[in-house]
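A.B. asks: There's a structure below that I have some questions on.
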Amino acid sequence: MFVTDKFAFVHLPRTGGSFVIDVIRKFFPSAHEIGHHLPLDLIPSEYRHLPILGTVRNPWDFYVSLYHYVSKKDPDSILAAWMSENGTGGFQESARNLLNLGTHKKRLDALIEMLPQRVDYSKRQVPNVSKDKTRRIRGTGIGYYSFRFGEMFGNADNVFFCKLETLREDLVVFFDRIHAASDELRAYILLLNKQNASTHLHYSSYYSPELADLVLARERPIIEKFGYQFEERYSEGSSKFLF
């Protein structure tokens, strides 16, 4: 979480947060991090009056991005080892494990056993979630993304969300709304290169019909809240830069 004298940013992983942080660091001198991926419910009392900014991403796209990021950049992490069964599973198997997190008792127990009792938010770690919080997903029927979204934002009633798909435009709207936008800030946001990006095929090429339907079932809360849908807009051989 980054806080400034004008707003606080809650950073949900793999939803464009590195881009947002780059903007915050450049244009808000008071900005400082108070916890890596710190959930909103742990925000210190002196910042609770601030407007809250968050980011969100199409769930089908999220799983592709998470898989590529964790597998390549943090293959020895708890999450990478668990979701891919120690590197033996590809995207389909890893995504299915993540999506069935709340319904597969033995797999959930295995993950909980690997997690820490408490999270030190001063450290970079994947995933930065505790045993107790992960136990709460048992029997809910939701997938990993909806679980992490709820853990980071709670009911999210007081959060201004930027969709990754329209991140630049949404950020400008947010800064205009809190009277923090300038011509320089607007130009920087609209022209800045993407941060922490990976290159891979459009997300639709990674899904079987059955797996795409499983995302629809497990991530329905986010899909309905933000109006997401599964799109097949790119040919099998095309590529696209993604956050």
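A.B. asks: Defining a contact as two alpha carbons under 8 Å apart and six or more residues distant in sequence, what relative contact order in percent does segment 1-105 show?
C.D. replies: 26
A.B. asks: In vacuo Debye scattering of segment 62-185, one point per C-alpha: log10 I(q)/I(0) at q = 0.14, 0.17, 0.21 Å⁻¹?
C.D. replies: Values returned for q = 0.14, 0.17, 0.21 Å⁻¹ are -0.71, -0.94, -1.22.
A.B. asks: Report, to the nearest 10°, how far helix 167-177 tilts away from the longest principal axis of the Cα atoms in the chain, using its own Cα long axis and a range of 0 to 90°.
C.D. replies: It works out to around 40 degrees.
A.B. asks: Using only Cα atoms, find the angle between the long axis of helix 209-218 and the longest principal axis of the chain, and express it within 0 to 90 degrees, rounded to the nearest 10.
C.D. replies: Approximately 60 degrees, to the nearest ten.
A.B. asks: Take every Cα pair under 8 Å in segment 70-157 that's 6+ residues apart, average their separations, divide by the length, and report that relative contact order as a whole percent.
C.D. replies: Details: 94 pairs, mean separation 24.6, N = 88.
Across segment 70-157, relative contact order equals 28 percent.
A.B. asks: Right, another one. Based on the alpha-carbon gyration tensor of the chain and its eigenvalue square roots a ≥ b ≥ c, which shape applies: rounded if a/c is under 1.5, prolate if not and a/b is larger than b/c, or oblate?
C.D. replies: It is oblate, given that a/c is not under 1.5 and a/b is not larger than b/c.
A.B. asks: Continuing with this model, one more query. What is the angle, in °, between the Cα long axis of helix 17-27 and the longest principal axis of the Cα atoms in the chain? Nearest 10 is fine, range 0 to 90.
C.D. replies: For 17-27 against the chain, the angle is about 10 degrees.
A.B. asks: May I pose another question? Determine, from the Cβ-Cβ distance of residue 158 and residue 191 and an R0 of 30 Å, the FRET efficiency 1/(1 + (r/R0)^6), rounded to the nearest 0.05.
C.D. replies: 0.50
A.B. asks: Among 111, 172, 16, whose Cα projects farthest towards the positive end of the dipole of the chain, with charges put on the beta-carbon of Lys, Arg (+1) and Asp, Glu (-1)?
C.D. replies: It is 111, whose Cα lies furthest towards the positive end.
A.B. asks: Between residue 112 and residue 50, with labels modelled 7 Å along Cα→Cβ, what's the label distance in nm to one decimal, could you check?
C.D. replies: Calculated label separation equals 3.4 nm.
A.B. asks: Determine, for each peptide in 6-13, 62-69, the mean count of other beta carbons within 10 angstrom over its residues, then list the peptides with the highest first. Could you put the intermediate results ahead of the total?
C.D. replies: Working: 6-13: 21.8, 62-69: 23.5.
Output ranking for 6-13, 62-69: 62-69, 6-13.
A.B. asks: So how much slack lies between residue 33 and residue 125, counting 0.36 nm per residue of separation and subtracting their Cα-Cα distance, in nm?
C.D. replies: Computed gain between residue 33 and residue 125 is 31.6 nm.
A.B. asks: Can I ask one more? So how far, in whole Å, is the C-alpha centre of segment 108-131 from the one of segment 22-49?
C.D. replies: Here the two parts' Cα centres lie 22 Å apart.
A.B. asks: Arranged by the count of other C-beta atoms within 10 angstrom, fewest first, what order do 107, 57 take?
C.D. replies: 107, 57
A.B. asks: Enumerate the residues in segment 57-72 having an amide nitrogen under 17 Å from the point lying 7 Å beyond the Cα of residue 169 toward its Cβ.
C.D. replies: 57-58
A.B. asks: Under the definition of Cα pairs under 8 Å and six or more residues apart, what whole-number percent is the relative contact order of segment 80-210? All intermediate terms of the calculation are to be shown ahead of the outcome.
C.D. replies: Values: 93 pairs, mean separation 24.5, N = 131.
Normalised by residue count, the contact order of segment 80-210 is 19 percent.
Every number in this text was worked out from the coordinates using simple rules, so none of it is lab data. For clarity, every value in this text was computed on a predicted model and none was experimentally measured. Note that we place each Cβ from the backbone using ideal geometry, even for glycine, and neighbour counts take in every protein chain shown.
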